[in-house]
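First the structure, in the form of structure tokens, and then the observations on it.
The values are calculated or read from the model by the stated rules, or taken from the named source; none is laboratory data. Everything numeric in this text was worked out from a predicted model, so none of it was measured. Note that we place each Cβ from the backbone using ideal geometry, even for glycine, and neighbour counts take in every protein chain shown.
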Amino acid sequence: MTPRESDTIISAAAGTNEGNQELRSRSELTAKEVMREVGAVLRMSEADAALLAEVEADPGEDQTMIINMGPQHPSTHGVLRLMLELKGETVLRCKPIIGYLHTGMEKTGESLTFMQGGTNVTRMDYLSPLNSELVFSMATEKLLGIDGDIPERAVWIRMLMSELNRMSSHLLFMATNGMDIGAVSMMLYGWREREVVLRFFQKVTGLRMNHNFIRPGGVAADLPAGWRDDVMSILDMLPDRLGEYDVLMTNQPIWRERLQGVGVITQAEAIALGATGPILRSTGLAWDLRRDMPYMQYDKLEFDVIVGSYGDAFDRYAIRLNEIRESMRIVRQILDRVPSGDYRIQDKKVTPPPRARIDESMEALIHHFKIFTEGFKVPEGEVYVAIESPRGEVGCYIASDGSPTPYRMHVRAPSFVNVQALPHMMRGGLVADAVAVISSVDPVLGEVDR
Amino acid sequence: MGVVRNVLDDGLEGLDHNFLTGRIEDLVKWSRSRSSWGATFGLACCAIEMMGTGAPHYDLARFGMEVFRASPRQADIMIVAGRVSQKMAPVLRQVYDQMMEPKWVISMGVCASSGGMFNNYAIVQGVDQVVPVDVYAPGCPPTPETLIHAIETLHQLIEDGEIMRRRATSGAGANVHIQEIPAGITTPVILGSR
Amino acid sequence: MTTEETATPATLHGCLLGDSRGQAVLFVPKLSYMSTMKKLVDDGYEMCADLTAVDFLTHASRTLPIGVSPERFEIVVNLLSLSKRERLRVRVQVSESDPSIESLFDLYPGTEAMEREVFDMFGISFAGHPDLTRILMPEDWQGHPLRKDYAQGRIPVQFKGAAS
């Protein structure tokens with residue numbers, strides 16, 4: 001019914017007509033107006049909420065209830081606290097309260113050299129640490145002016161590790177999403193697959209998590225002998241397992257009932273809130289930085305961008321499941337095309353010399369000493385580099401003043417911005433759906449709080 | 001018939017081929033150590049490794065710990081996995097207080113044990129400033145083998161009973177520091193201190 | 001942004017347009033901040049990727065284009081145009097004596113959490129923000145941690161083998 005018709009009917013019946021002040025249908029409004037009208041965010045401070053909890057609710061009156069979920073909660077994916085205003089089982093408004101994992105990483109980053117910065121940044125998004133290291137290294141290289149000189153092999157190794165990390169992060173999403181919805185055995189299956197990828201990482205980087213492998217100038221070490229066989233065994237094993245997930249979850253009626261239509265977000269809302277990654281892609285917009293603003297050598301690879309159509313939790317689940325398949329496709333292409341060469345740029349100021357050289361050459365010893373104690377100096381300037389992490393656009397803004405440590409290091413964490421979308425997704429849903437919604441956003445509180 | 005005659009003649013000693021005798025205290029300690037349930041207190045990266053330890057490859061269920069109870073009332077061991085920020089410290093203490101005795105704390109990872117690499121304004125430099133810690137597991141993050149070693153060390157302490165005596169006297173934790181087991185080893189993990 | 005002609009620097013919507021390592025940077029004075037941002041939204045920068053701040057207390061001598069007077073704080077807004085596949089960075093100088101600026105919440109609702117973080121970490125207040133409270137630190141925390149005059153809070157660590 002168009003507004004004009006409804007105006008006529010109302011004015012005919014009641015004799016009043018407020019015109020544009022009336023509540024218009026959702027599709028007509030822009031996202032900003034929707035969010036202001038809908039008012040999904042609970043604007044109440046923690047102190048007020050605590051006072052409210054002390055006041056006894058009068059039974060019998062039709063009052064809404066404000067309850068607290070978290071920060072210690074099995075389903076909030078870390079230390080996320082949600083204040084929910086409920087009417088019965090329906091969520092009216094929601095306020096996410098974060099900061100329970102604030103580590104002062106940006107302050108710490110100002111006292112670590114650019115070589116050490118990777119150890120700091122990698123612990124922000126601890127499910128895809130290689131992506132965090134990658135964006136930090138790329139920002140440093142841009143400041144240094146060597147971003148065009150990174151050796152080919154280093155770039156391809158970086159892409160390989162980044163895609164494998166995407167796979168392991170999405171497998172963990174499968175596991176935790178399954179467990180949150182109730183398919184508890186999915187937790188075991190997802191971790192079983194993830195273990196194989198983690199063992200490969202441990203073989204290449206030395207650690208299962210928080211690798212500090214991608215450093216400014218390239219990667220820390222070359223791929224070990226036999227890495228192709230390891231990657232091939234991962235690629236051979238996974239497709240059948242993913243098919244099992246399809247049988248267990250995707251085509252299953254209970255799964256669909258739980259996820260379809262839950263946590264719907266429109267495209268305009270997502271863009272207005274700055275949500276990126278699977279959330280934005282589930283609304284129908286095929287935005288993937290690897291394809292739309294390519295970095296490294298992604299423009300030479302063939303892969304599809306998975307897009308949803310309804311913007312609900314099921315779409316986000318399906319997008320991530322198929323992104324695992326796309327990442328496998330990318331890894332197969334990388335396997336064929338990794339060139340030989342250096343794994344680090346041969347710039348003496350940035351790359352430490354090989355350990356054997358230190359015994360032979362005084363210059364090598366001095367360079368090693370300088371790089372590891374003082375750090376290499378980065379020219380003054382500021383730069384913002386963004387890549388596509390499994391959760392969305394992760395960006396690193398570094399302002400340097402010519403010293404060996406960053407003057408200001410800020411990471412634009414995708415989960416920090418995506419968490420803002422939670423109130424709008426939860427509004428009108430049930431409390432049980434709240435868990436499904438949080439799980440479909442897949443926040444990592446390490447990068448939310450930094 | 002023969003059995004009955006034994007009871008009448010020798011009392012309970014006649015039945016010794018069907019019974020094990022022992023002290024109730026030993027039975028209680030044995031069952032406590034074999035079925036301790038953990039409280040979920042996964043905070044950051046260490047939580048991922050903790051979940052990985054519960055996963056099929058490393059399988060905490062064989063040590064009786066596959067169930068991580070969300071309600072602290074039903075939990076025995078609190079594994080503080082991850083960095084504790086200033087905002088989280090009161091929550092940590094509150095959850096610890098809600099746990100029923102007997103309760104133990106494993107501090108998993110360097111951030112929980114000492115503040116780790118984050119020596120700054122935002123992180124509590126060691127959860128032993130907030131709760132009494134029984135076992136410290138180093139690593140960033142500790143490998144699943146290290147965590148299992150820490151849990152089994154704690155289980156050994158529970159089974160020995162030493163830990164309860166010390167807690168009763170001083171209220172402090174056991175303060176056991178274990179060695180980190182690096183990733184990728186193929187030798188079997190030494191379980192506890194047996 | 002050519003460098004041959006030095007007569008007139010590039011401008012966009014009346015503000016100086018610079019270049020930083022190949023990335024476009026727009027220096028907007030605080031007074032024309034809101035109007036310029038509205039024009040940029042109309043230009044096609046639909047998404048605000050990031051809003052942060054920098055405290056230049058110990059690096060007051062940074063290079064800025066002629067015509068931009070340095071202040072202690074700088075608000076840095078990274079905009080993203082999905083349709084044009086371009087990024088633009090906006091830098092606004094905010095003085096220490098008046099650490100406040102208008103909020104972008106009406107234009108980009110996604111800046112709500114980002115502005116709260118800047119308020120928490122730097123103490124810059126945003127006029128028109130619906131809920132300007134601390135987001136990362138506890139509510140009763142004193143001080144703004146990312147300012148340069150706020151200490152890192154290191155506790156000196158005594159190692160077992162070290163000579164005291």
Looking at segment A:79-99, which of its residues are in contact with a Gly (Cβ under 8 Å, 6 or more places away or on another chain) and at the interface with chain B (Cβ under 7 Å from one of its Cβ atoms)?
-> A:Val79
In this structure, does C:Asp43 turn out to be touching a helix residue (DSSP H, G or I) at 6+ places or on another chain (Cβ under 8 Å) and either within 20 Å of A:Ser400 (Cβ to Cβ) or more than 8 Å from every other protein chain (Cβ to nearest Cβ) (or both)?
-> no
Tally of residues being within 14 Å of chain B (Cβ to nearest Cβ) and surrounded by 22 or more Cβ atoms within 10 Å (Cβ to Cβ) across segment A:107-148 | 18
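Working carefully through the options C:Gly153, C:Gly143, find the one that is assigned to a loop (DSSP other than H, G, I, E, B), among the small types (Gly, Ala, Ser) and at the interface with chain A (Cβ under 8 Å from one of its Cβ atoms).
When all the criteria are applied, what remains is C:Gly153.
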Looking only at residues in segment A:256-293 that are charged (D, E, K, R) and at the interface with chain C (Cβ under 9 Å from one of its Cβ atoms), which one is surrounded by the most Cβ atoms within 10 Å (Cβ to Cβ)?
-> A:Glu269
Within segment B:24-40, of all residues that are at pLDDT 85 or above and assigned to a loop (DSSP other than H, G, I, E, B), the one nearest to the other protein chains (Cβ to nearest Cβ) is B:Trp37
Search result, residues across segment C:140-153 that are exposed (fewer than 14 other Cβ atoms within 10 Å of the Cβ) and modelled with pLDDT under 85 = C:Asp140, C:Ala151
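Filter segment B:52-97 down to residues that are among the hydrophobic types (A, V, I, L, M, F, W, C) and facing chain A (nearest Cβ under 7 Å) and give me whichever is nearest to A:Asn210 (Cα to Cα).
Ranking the qualifying residues of segment B:52-97, first place goes to B:Ala55.
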Can you pull out the residues in segment A:174-213 that are of a type in the set (A, V, I, L, M), more than 10 Å from every other protein chain (Cβ to nearest Cβ) and closer than 16 Å to A:Leu127 by Cβ?
-> A:Met174, A:Val197
Residue under evaluation A:Asp315, criteria (1) more than 26 Å from A:Met179 (Cβ to Cβ); (2) modelled with pLDDT of 90 or more; (3) surrounded by 13 or more Cβ atoms within 10 Å (Cβ to Cβ), criterion not met = (1)
Residues C:His59, C:His129: which one is in contact with a helix residue (DSSP H, G or I) (Cβ under 7 Å, 6 or more places away or on another chain) and within 11 Å of chain A (Cβ to nearest Cβ)?
-> C:His129
Only residues that are in contact with a Leu (Cβ under 9 Å, 6 or more places away or on another chain), closer than 21 Å to C:Pro9 by Cα and outside any strand (DSSP E or B): list them for segment C:68-125, please.
-> C:Val68, C:Pro70
Looking only at segment B:83-95, decide whether some residue is free of Cβ contacts under 8 Å to residues at least 12 places away in the same chain and surrounded by 24 or more Cβ atoms within 10 Å (Cβ to Cβ).
-> yes
Take segment A:333-377 and flag every residue that is surrounded by fewer than 18 Cβ atoms within 10 Å (Cβ to Cβ), closer than 23 Å to A:Pro404 by Cα and hydrophobic (A, V, I, L, M, F, W, C).
-> A:Ile358, A:Met362, A:Leu365, A:Ile366, A:Phe369, A:Phe372
For B:Ala122, are the conditions met, namely being among the small types (Gly, Ala, Ser), away from chain C (no Cβ under 14 Å) and surrounded by 22 or more Cβ atoms within 10 Å (Cβ to Cβ)?
-> no
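Evaluate the following for A:Val411: is it under 15 Å from A:Tyr126 (Cα atoms) and touching a Cys at 6+ places or on another chain (Cβ under 6 Å)? Working first, answer last.
Numbers: under 15 Å from A:Tyr126 (Cα atoms): yes; touching a Cys at 6+ places or on another chain (Cβ under 6 Å): yes.
The answer is yes for A:Val411.
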Going through segment A:195-210 in order, the residues found to be outside any helix (DSSP H, G or I) and of a type in the set (A, V, I, L, M) are A:Leu207, A:Met209
Just checking, how many residues over segment A:387-416 are more than 7 Å from every other protein chain (Cβ to nearest Cβ) and more than 19 Å from C:Leu146 (Cβ to Cβ)?
-> 11
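Go through segment A:287-304 and give me each residue that's part of a helix (DSSP H, G or I) and acidic (Asp, Glu). Don't jump to the end; show me each part of the working.
Residues of segment A:287-304 part of a helix (DSSP H, G or I): A:289-292, A:298-300.
A:Asp292, A:Asp299, listed by residue number.
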From the option list B:Met100, B:Met117, single residue qualifying as more than 8 Å from every other protein chain (Cβ to nearest Cβ), of a type outside the set (S, T, N, Q) and part of a loop (DSSP other than H, G, I, E, B) is B:Met100
Within segment B:80-95, is there a residue that is in a strand (DSSP E or B) and at pLDDT below 85?
-> no
How many residues are under 24 Å from A:Gly190 (Cα atoms) and surrounded by 17 or more Cβ atoms within 10 Å (Cβ to Cβ) when one looks only at segment A:204-229?
-> 8
Counting only residues in segment A:165-192 that are in contact with a helix residue (DSSP H, G or I) (Cβ under 7 Å, 6 or more places away or on another chain) and without any contact (Cβ under 8 Å) to a residue 40 or more places away in the chain, the one nearest to A:Arg256 (Cα to Cα) is identified as A:Met179
